[in-house]
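What follows is a set of notes on a single structure, which appears directly below.
The values are calculated or read from the model by the stated rules, or taken from the named source; none is laboratory data. Small disclaimer: the values here were computed from a predicted structure and weren't measured. Cβ atoms come from the backbone with ideal geometry, glycine included; neighbour counts cover every protein chain shown. Accessible surface is based on the protein model in full, side chains and every heavy atom, while ligands, DNA and RNA are left aside. Shrake-Rupley method; radii C 1.70, N 1.55, O 1.52, S 1.80 Å.
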Amino acid sequence: MGSEGSISRSAQFATKYFVVWVAGFAALALVRPSTFVPILEYVNPLLGIVMLGMGLTLQPADIQRLTDRPLDVGIGAVTQWLVMPLAAYGLYLLLNLPDAIGVGLILVGAAPGGTASNVMSYLGRGDVALSVAITTVTTLAAPIVMPAWTLFILGESIDVTFIQMFTSIVQIVIIPVVLGFGLRYVLDRYAPRVADVGLDVFPVVSVAAIVAIVAGVVGANVENILTAGVFVLLAVVLHNGIGLGTGYAVGQAAGMSEDRKRTNAFEVGLQNSGLAVALATSLFAPTAALIPALFSVWHNISGPALANYFTWHDTTAE
């Protein structure tokens with residue numbers, strides 16, 4: 001019991017200060033880039049580990065929710081699929097971003113929801129079950145939706161095929177998630193205590209993997225950050241803000257309850273930027289991974305800030 005408690009406390013410490021680790025190692029990568037650039041060779045397996053951890057959090061009841069509340073799940077998924085890619089394309093044109101960097105913004109916009117949305121829904125008193133359901137749908141649809149949007153927007157300006165992107169996403173996302181789901185099912189039946197320990201350990205592993213990925217991308221893009229930093233950061237902040245604001249507004253227009261409106265905001269605005277990093281580095285160039293890496297940092301600042309605002313609002317309204 002003592003060792004399990006220590007593992008749980010370590011997991012809580014690692015995840016609570018996630019943004020500190022990301023920002024700290026990103027800053028270190030700016031100073032010592034050569035230390036972190038080699039990490040880019042391992043982005044795909046690192047993200048695969050993160051997605052395996054996501055699969056471990058899923059249970060049959062989560063899949064059942066997809067049929068229990070199809071309307072709200074559909075609204076959240078469709079809003080994300082439409083708003084984020086189109087917003088990315090609009091900002092790409094408006095800010096006149098270099099093509100190599102703009103690819104990363106489009107990849108973030110076309111990416112599925114990230115697990116951060118589930119955490120923020122919990123912290124912001126949203127509907128966590130709905131959050132998990134929407135994240136599951138957008139993740140499972142990612143092999144189709146992500147390459148379709150990317151190729152539709154960028155067209156002949158990129159030398160990547162639909163099949164290449166589809167295959168990469170299946171390998172990086174779908175297979176690890178399915179394996180994690182299957183492993184969780186077996187452990188729950190035959191070794192529940194091991195499952196509990198795994199659920200505590202994997203958040204720490206996921207934090208370490210994402211921190212490493214971001215540091216690697218920052219290290220490889222020091223010159224780009226210093227020369228195009230303002231416009232790149234502006235694109236990230238505006239893109240994230242558009243997603244959060246539109247998600248909440250669509251939930252309100254659809255007549256959702258307050259907790260579901262909050263969930264819709266997080267689901268639309270918080271993307272799986274780690275997947276965008278992996279695709280950028282494996283199919284394009286390290287430069288394309290710059291915006292996804294910065295998005296990983298920023299949405300872990302804006303997400304908790306919005307969650308804190310929601311809880312503060314609830315407290316003052318009581």
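Here are some notes:
- Failed item, numbered, when Gly182 is tested on (1) under 28 Å from Ala265 (Cβ atoms); (2) in a helix (DSSP H, G or I): (1)
Every residue, every condition in (1) open to solvent by less than 50 Å² (accessible area, probe 1.4 Å); (2) among the aliphatic types (A, V, I, L, M); (3) touching a Lys or Arg at 6+ places or on another chain (Cβ under 6 Å), yes or no:
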position	(1), (2), (3)
Leu151	yes, yes, no
Pro176	yes, no, no
Asp196	no, no, no
Val218	yes, yes, no
Asn221	yes, no, no
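- Residue that is within 23 Å of Val103 (Cα to Cα), touching a residue at least 40 places away in the same chain (Cβ under 8 Å) and not aromatic (Phe, Trp, Tyr), where the choices are Thr311, Thr263, Thr281, Thr227: Thr281
- Hits in region 176-219 (condition: of a type in the set (Val, Ile, Thr) and free of Cβ contacts under 8 Å to residues at least 24 places away in the same chain): Val186, Val194
- Some residue of region 91-111 being among the hydroxyl-bearing types (Ser, Thr, Tyr), surrounded by fewer than 23 Cβ atoms within 10 Å (Cβ to Cβ) and at negative phi: no
- Within region 146-154, none of the residues are within 27 Å of Thr35 (Cα to Cα) and of a type in the set (A, V, I, L, M, F, W, C).
- Residue among Val297, Val277 that alone is in a helix (DSSP H, G or I) and surrounded by 24 or more Cβ atoms within 10 Å (Cβ to Cβ): Val277
- Pairs where the first residue, in region 119-145, is farther than 15 Å from Val78 by Cα and the second is small (Gly, Ala, Ser) and surrounded by fewer than 24 Cβ atoms within 10 Å (Cβ to Cβ), C-beta under 7 Å, 6+ apart: Met120/Ala307; Leu123/Ala307; Gly124/Ala307
- Within region 240-272, tally of residues that are of a type in the set (Val, Ile, Thr) and part of a loop (DSSP other than H, G, I, E, B): 0
- Within region 244-287, the residues that satisfy the criterion of being over 14 Å from Pro112 (Cα atoms) and at pLDDT below 90 are Ala280, Thr281, Ser282, Leu283, Phe284, Ala285, Pro286, Thr287.
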